[in-house]
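Heads up: the structure comes next, in structure tokens.
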Amino acid sequence: KCTHLKKLKEARIVHAHILGSAFKNDIAMQNTILNAYAKCGCLDEARKLFDEMPVKDMVTWTALISGYSQNDQPENAIILFSQMLRLGLKPNQFTLSSVLKASGAGATDDKFGRQVHAFCLKYGYDWNVYVGSSLLDMYARFDQMDDAWFLFTALESKNEVSWNALIAGHARKSEGEKALRTFSEMLREGFEPTHFSYSSVFTALASTGSLEQGKWVHAHVIKSGGQLVAFVGNTLVDMYAKSGSIEDAEKVFNRLLKRDVVSWNSMLTGCAQHGLGKATVRWFEKMLRNGIAPNQVTFLCVLTACSHAGLLDEGQGYFALMKKHGVEPEEAHYVTFVDLLGRAGLLDRALKFIREMPIEPTAAVWGALLGACRMHKNVELGAYAAERIFELDPHDSGPHILLANIYASAGRLNDAARARKMMKESGVKKEPACSWVETKNAVHMFVANDDAHPQRAMIHKKWREISEKIKQIGYVPDSSHVLSYADQQEREAKLQVHSEKLALAFALISTPPGSTIHIKKNIRVCGDCHSAFKFASKVVEREIIVRDTNRFHHFRDGFCSCGDYW
């Protein structure tokens with residue numbers, strides 16, 4: 001009973017009583033006490049009792065291995081399992097399930113897990129539902145989804161754990177569509193989703209920004225009578241925020257039964273990604289007033305928000321506040337602070353900060369400075385920052401492209417071409433830009449100058465119409481975003497077939513008038529498209545939400561949520 005209720009103090013009293021009784025050396029009694037300590041997370045006392053036991057059986061070893069596995073000490077579980085095998089003991093289904101869980105969490109690759117799989121085959125436990133579920137979870141944690149599905153298909157009986165392992169595996173790989181499909185199959189087979197099922201699906205859908213599918217799963221939670229307990233509620237807040245609906249994220253946050261630091265961080269992350277700098281600051285101050293201690297993620301969120309919103313003084317204050325709360329800055333915090341200074345135009349100060357940092361500057365730190373140089377057209381400092389990045393991370397295409405853009409913006413096309421040539425000679429390849437729109441449960445993807453879509457003629461015609469209208473109200477194509485020796489007219493023509501513009505044109509002909517348009521892009525939105533979308537939002541009288549790798553851009557009535565700090 002103490003074990004079930006996690007009553008550690010009472011368990012110790014019972015243990016003391018047993019030590020003075022005739023059952024002092026009874027192995028069944030000792031195993032029960034050891035299991036109580038392990039389940040209550042008191043591993044030191046469990047290990048002490050284990051070492052003192054004159055006789056140990058399989059239950060003894062399994063109880064401690066399970067304790068280590070369930071309390072984030074996978075390495076100790078693996079070491080103990082190896083010791084047990086050397087003594088010639090035969091593992092049972094509970095031992096194997098626990099050690100497989102540990103191997104998925106504590107090993108760097110699936111080598112040890114595959115060895116345990118061999119033991120499962122040897123002892124005939126591979127088709128056992130508990131061991132099989134742990135096996136497929138182990139493979140899923142190492143992104144071996146084909147192996148996980150093979151094991152799942154071969155299981156004679158399945159349970160919620162085996163389904164959840166597959167859903168979680170797809171979620172970890174940001175495979176929202178596959179996670180949702182697996183979740184739907186689970187429902188069709190008559191299995192009841194658990195909190196873990198919902199949490200994994202919301203995480204997967206957050207990674208792809210699938211708002212409509214996320215709403216459908218949320219509706220299923222409500223219909224099934226599910227409660228917004230901590231981790232389900234937190235992932236739901238995160239899903240709405242990352243899918244472009246910060247209003248729904250806030251509604252869910254307000255309905256959470258209990259709010260922890262993860263709940264608050266989810267709201268802070270959402271506001272920061274949506275360019276709501278002042279709102280992020282307000283949420284942060286409210287969090288402090290509610291007595292929630294901020295952690296490293298909290299400060300990263302608020303610093304990012306201040307950087308994107310141009311809140312220089314606030315950002316500097318919060319960076320200094322980290323020490324007061326006992327939070328040591330990590331690489332990401334230094335990157336964001338450099339970005340804060342750089343966006344504000346304080347490039348010399350940003351460089352000085354980098355040189356005085358207590359850690360060695362990384363490629364990401366120099367990358368933040370390079371991005372600021374691109375924004376403020378500082379060619380010399382940009383070239384210097386790029387050289388540092390090439391030394392630290394020569395295989396990243398981003399810095400090469402940024403440097404070429406800096407040269408192109410300054411009219412130094414020869415230098416831009418040389419930067420491109422160096423990138424090509426280094427074997428570095430740029431990720432192709434693509435944008436996509438979801439309509440009527442179908443995803444429509446576009447690349448630059450796309451002519452593969454069945455409605456290509458209507459799409460290109462629609463964008464030409466929009467282009468003419470936005471030029472009439474002030475849009476001027478920025479040809480510096482085209483790295484080419486072509487004449488001005490041809491450079492401007494290339495701008496008009498960027499993937500996000502084609503996606504917008506398709507959305508305009510495929511969605512009801514007045515509805516919000518959601519576009520996603522796999523890399524950062526191009527500067528010219530950003531300018532064009534501001535004017536387009538005014539012309540078409542619709543809100544356009546673009547999610548790129550950096551953040552959300554809300555275009556409405558000729559303005560963007562990121563203001564002048566894009």
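The values are calculated or read from the model by the stated rules, or taken from the named source; none is laboratory data. Keep in mind that this is a model prediction, so the values were computed, not measured. Glycine also receives a Cβ, built like all others from the backbone with ideal geometry; neighbour counts cover every protein chain displayed. Accessible surface is based on the protein model in full, side chains and every heavy atom, while ligands, DNA and RNA are left aside. Shrake-Rupley method; radii C 1.70, N 1.55, O 1.52, S 1.80 Å.
Once the Cα-Cα distance is subtracted from the 0.36 nm per residue extended length, the A452 to E52 segment shows a gain of 136.8 nm.
A simple count of charges around T3, restricted to other residues whose Cβ falls under 11 Å of its Cβ and scoring Lys, Arg +1 and Asp, Glu -1, yields +3.
Measuring nothing but protein heavy atoms, the accessible surface of the stretch 280-366 at 1.4 Å probe radius is 52 percent carbon and sulfur.
If you take every residue apart from K521 with its C-beta less than 13 Å away from the C-beta of K521, what net charge results, scoring Lys and Arg +1 and Asp and Glu -1? It would help to have the intermediate numbers written out before the result.
Details: positive: K501, K520, R524, R547, R551; negative: E431, E500, D548.
Net local charge, K521 excluded: +2.
Counting only protein heavy atoms and using a 1.4 Å probe, what share of the accessible area of the stretch 434-560 belongs to carbon plus sulfur, as a whole percent? Roughly 51 percent of what the probe reaches on the stretch 434-560 is carbon or sulfur.
A simple rule links phi to the HN-Hα coupling: the Karplus curve 6.51 cos²θ - 1.76 cosθ + 1.60 with θ = phi - 60°, which for the stretch 212-217 gives 5, 5, x, 5, 5, 5 Hz, with x for Gly and Pro.
Seen from every direction in turn and averaged, the convex hull around the alpha carbons of the chain projects onto 31.0 nm².
Keeping all protein chains in place, calculate the accessible area per residue for the chain (probe 1.4 angstrom), answer in Å². Write down the numbers at each step before the final one.
Details: 27190 Å² over 566 residues.
Roughly 48 Å² per residue, with all protein chains present.
Between amide H atoms placed 1.01 Å from N, distances below 5 Å from Q455 occur with no residue 5 or more places distant or on a separate chain. Note on the stretch 445-461 and the stretch 313-331: Cα centroid distance 47 Å, given to the nearest whole angstrom. Between A410 and R114, the contour length at 0.36 nm per residue exceeds the alpha carbon distance by 101.0 nm. Axis angle, to the nearest 10 degrees, between helix 129-141 and the longest C-alpha principal axis of the chain: 30 degrees.
Cα-based radius of gyration for the stretch 226-270, normalised by 2.2 N^0.38 Å, reads 0.95.
Could you please state, rounded to a whole Å, how far the C-alpha centre of the stretch 4-31 is from the C-alpha centre of the stretch 349-400? Computed from Cα coordinates, the inter-centre distance equals 61 Å.
Between K286 and K430, the modelled label-to-label distance comes to 4.2 nm, taking each label 7 Å out from Cα in the direction of the beta carbon. A cut-off under 14 angstrom between Cβ atoms defines the neighbours of A171, and their net charge, with Lys, Arg +1 and Asp, Glu -1, is +1.
At most 12 other Cβ atoms within 10 Å plus a DSSP loop assignment makes a site exposed; report the longest stretch of the chain without any exposed trypsin sites (Lys or Arg not before Pro). Spell out each step's value before the answer.
Values: sites that count: K1, K6, K24, K258, K377, K429, K440.
Segment 25-257 is the longest.
Between the helical axis of 261-273 and the longest alpha-carbon principal axis of the chain there is an angle of about 10 degrees.
Could you tell me how many degrees, from 0 to 90 and to the nearest 10, lie between the Cα long axis of helix 27-39 and the main elongation axis, the longest principal axis, of the Cα atoms of the chain? Helix 27-39 and the main axis of the chain meet at about 20 degrees.
The accessible surface of the stretch 15-131, taken with every protein chain in place and a 1.4 Å probe, is 55 percent carbon and sulfur. Full extension of the chain segment joining T439 with A219 gains 77.2 nm, where the gain is 0.36 nm per residue of separation less the Cα-Cα distance.
Can you give me the relative contact order of the chain as a percent, contacts being Cα pairs under 8 Å and 6 or more apart?
Working: 863 pairs, mean separation 36.1, N = 566.
That works out to 6 percent.
Using Cα centres only, tell me the gap between the stretch 487-522 and the stretch 67-132 in whole Å. Taking the Cα centre of the stretch 67-132 as reference, the centre of the stretch 487-522 is 53 Å away.
Across the stretch 434-560, counting alpha-carbon atoms alone, Rg and Dmax equal 13.5, 41 Å. Taken over the alpha carbons of the stretch 402-464 as equal point scatterers, the Debye sum produces base-10 log I(q)/I(0) values at 0.11, 0.15, 0.20 Å⁻¹ of -0.46, -0.71, -0.84.
Per-residue surface analysis assigns V281 an accessible area of about 20 Å², computed on protein heavy atoms at 1.4 Å probe radius.
What FRET efficiency do you get for K469 and E75 if R0 is 51 Å and r is their Cβ-Cβ distance, rounded to the nearest 0.05?
Values: r = 63 Å, r/R0 = 1.24.
Computed FRET efficiency for K469 and E75: 0.20.
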